[in-house]
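Following: one structure in structure tokens, then a few remarks.
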There are 2 protein chains.
Amino acid sequence: MTRDYEIKALLFDVFGTVVDWRSGIIRELSAWGTDTHVVADWPAIADGWRGLYQPAMERIRAGNRGFVRLDILHEENLRDIFAEHGLDAPIGEEMHRLVTAWHRLDPWPDCVSGLTRLKASYVIAPCSNGNIALITNMAKRAGLPWDVVLGAEVAQAYKPHAQAYLGSADALSLKPEQCMMVAAHLDDLEAAAELGFATAYVPRPDEHGKGTGAKTAPDGSVDHVAIDFNALAENLDC
Amino acid sequence: MTRDYEIKALLFDVFGTVVDWRSGIIRELSAWGTDTHVVADWPAIADGWRGLYQPAMERIRAGNRGFVRLDILHEENLRDIFAEHGLDAPIGEEMHRLVTAWHRLDPWPDCVSGLTRLKASYVIAPCSNGNIALITNMAKRAGLPWDVVLGAEVAQAYKPHAQAYLGSADALSLKPEQCMMVAAHLDDLEAAAELGFATAYVPRPDEHGKGTGAKTAPDGSVDHVAIDFNALAENLDC
């Protein structure tokens, strides 16, 4: 694809693309279960918790609820998934510990080195549905070297709503065509591409568990495909 | 002062506190004048440009105008100060060059090393009236290692309006009491302290020109006084 604009910023999806949310959430739930003597199927609860993520945001995207940050949705969804598994929802500090499990996720092994390389040539920023505190705490713990935190809370809209992408580019005073969206999810890239963003697909085949696979991008649907962030840096001559 | 909360984040004023705006703006204006063969009293124009900053924000703080980002106020103010000096306002790329002069300011010599030390123990973030793109571009050029960009555009309010401080703390999911405002300006610190923020005064006696002096903080008016960011890091046992 020939482009008229020079790319200035790379905007990254985070859950799945930068961090391995599933392993981290299972680890955090299991540790909480051990400490509180609660026995449960934590991998199923982790998947169920994540499963409530899109429906919760959809109410906001559809305009049936005002914007609230993801930490609040995570707390509401945890109550629901715990109830579904016959567990009492934790309260106070215990609830805080579980909700902030999403702040303590580990990146895929290539992310810190790859982002560091990319940062030398581009503004790098998360364009995540995670709220500012979540993404900031995660970055600090994991050493993710973002230049700035953008995404849903800055734009006051959840991806794939157009405003989430457009508001993030606009915060940098950039046109969509000057930004590249980087994600492990083709629907995220498709939504960004429709608005004029360049796209890079970095599949993460282990996102939903070891070897659960990743989709192949249809021919011509994305600008770049890379196996990880270091490969993306090579593709982009960083 | 005894405090009940542990400080988690340091929020920094930027213009004057982190960067030497006056030298940078004079340098950028002078270079533009050389390139375009425009002769003028650039130090006076720099001071005049900055002088229009508070009145422009005041219209927004007073509710007489909706929030617009600082780049827009800088452009409007440049037209006014150029007119005052009998100069034609530049257009297009030339105007862009001058407006983004504020994105290309140099930090005081202690800032990068001091912020790097402070970052090891605290979330460090600008709480500036500068817009997100301005602060991001400045940080990238100067190597300022912010964890996250907060301030006026995130909070949609200009300091010293309470919402500028409260919105920045809230974006981190922190109470004001868990945040320390760091500034070279006592009025900025006073506004933050009234809301419950801890305060650190780092006077910058050269802000308005070499040796133009800095005020002494009245006894008990601030929590910390430090000669620069490395001294602040020492005060805070970083």
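We did not get these values from a lab; they are worked out from the coordinates using the rules stated. Treat the numbers as computed from the prediction; the structure is a model and nothing was measured. When we count neighbours, we look across all protein chains shown, and the Cβ atoms used for this are built from the backbone with ideal geometry, even at glycine.
Couplings 3J(HN,Hα) of the range A:143-159, computed from phi: x, 6, x, 4, 7, 6, 9, 10, x, 4, 5, 5, 8, 6, 7, 9, 4 Hz, in residue order, whole Hz [Karplus 6.51 cos²θ - 1.76 cosθ + 1.60, θ = phi - 60°; x for Gly and Pro]. Amide H to amide H distances under 5 Å link A:Val225 with A:Tyr201, where only residues 5 or more positions off or on other chains count and H is placed in the peptide plane.
Placing a label point 7 Å from Cα along the Cα-to-Cβ axis, A:Arg59 is separated from the same position in the other copies by 4.2 nm, shortest listed first.
Shown for A:Thr216: label points 7 Å from Cα along the beta-carbon vector, and their distances to the equivalent points in the other copies, 7.7 nm in ascending order.
Please work out the C-alpha center-to-center distance from the range A:159-192 to the range B:206-238 and express it in whole Å. The range A:159-192 and the range B:206-238 have Cα centres separated by 41 Å. Springs join every pair of Cα atoms under 10 Å in this Gaussian network model of chain B, and among B:Ala120, B:Ala157, B:Ala142 the largest mean-square fluctuation is at B:Ala120. Largest first and in whole Å, the equivalent-ellipsoid semi-axes of the protein assembly as shown read 40, 28, 19, each the square root of five times a Cα gyration tensor eigenvalue. Overall, the ratio between the Cα radius of gyration of the range B:97-197 and 2.2 N^0.38 Å, rounded to two decimals, is 1.05.
Considering only A:Asp228, A:Asp41, A:Asp71, the Gaussian network model of chain A with Cα springs below 10 Å gives its largest mean-square fluctuation to A:Asp41. Put simply, the amide H of A:Phe12, placed in the peptide plane, has neighbours under 5 Å in A:Ala125, A:Cys127, A:Val182, leaving out anything fewer than 5 places away on its chain.
Counted over the protein assembly as shown, the DSSP beta bridges are approximately 5% antiparallel.
Taking the Cα centre of the range A:47-190 as reference, the dipole from Cβ charges on Lys and Arg (+1) and Asp and Glu (-1) amounts to some 420 debye. Mind giving me the FRET efficiency for A:Glu58 and B:Asp4? R0 is 51 Å, r the Cβ-Cβ distance, nearest 0.05 is fine. After rounding, the FRET efficiency stands at 0.80.
FRET efficiency for the pair A:Ala231 and B:Ala120, taken as 1/(1 + (r/R0)^6) with r the Cβ-Cβ distance and R0 = 30 Å, rounds to 0.45. Angle check, please: helix A:162-171 long axis (alpha carbons) against the longest principal axis of chain A (alpha carbons), in degrees 0 to 90, nearest 10. Approximately 60 degrees, to the nearest 10.
As a test of the formula, what do you get for chain B when each DSSP H run with n ≥ 4 contributes -39,500 (n - 2.57) and the sum is divided by the residue count, at 222 nm and rounded to the nearest 500 deg cm²/dmol?
-13000 deg cm²/dmol
Among A:Val39, A:Pro176, A:Pro55, which residue has its Cα positioned farthest towards the positive end of the charge dipole of chain A, with +1 placed on the Cβ of Lys and Arg, -1 on the Cβ of Asp and Glu, and the dipole taken about the Cα centre? Final value for the positive-end residue is A:Pro176. Placing a label point 7 Å from Cα along the Cα-to-Cβ axis, B:Leu87 is separated from the same position in the other copies by 6.4 nm, shortest listed first.
Taking 7 Å steps out from each Cα toward its Cβ at A:Glu76 and A:Val39 produces label points 3.4 nm apart.
Dipole check for the range B:182-238: with +1 at the C-beta of Lys and Arg, -1 at the C-beta of Asp and Glu, and the Cα centre as origin, the magnitude is about 220 Debye.
When peptides A:94-100, B:81-87 are sorted by average Cβ neighbour count within 10 Å, with the highest value leading, the order is A:94-100, B:81-87.
Checked against a 21 Å cut-off, the cross-linked pairs A:Lys8/B:Lys140; A:Lys159/B:Lys8; B:Lys119/B:Lys210; A:Lys8/B:Lys159; A:Lys119/B:Lys140 give Cα-Cα distances beyond that limit for A:Lys159/B:Lys8; B:Lys119/B:Lys210; A:Lys8/B:Lys159. Applied to the range B:12-23, the Karplus parametrisation 6.51 cos²θ - 1.76 cosθ + 1.60 on θ = phi - 60° returns per-residue 3J(HN,Hα) values of 10, 4, 10, 5, x, 7, 9, 10, 8, 5, 5, 4 Hz, with x for Gly and Pro. Magnitude of the charge dipole for the range A:21-103, about its Cα centre and with charges confined to Cβ atoms of Lys, Arg (+1) and Asp, Glu (-1), is about 400 debye. The Cα center of the range A:86-157 and the Cα center of the range A:1-54 differ in position by 10 Å.
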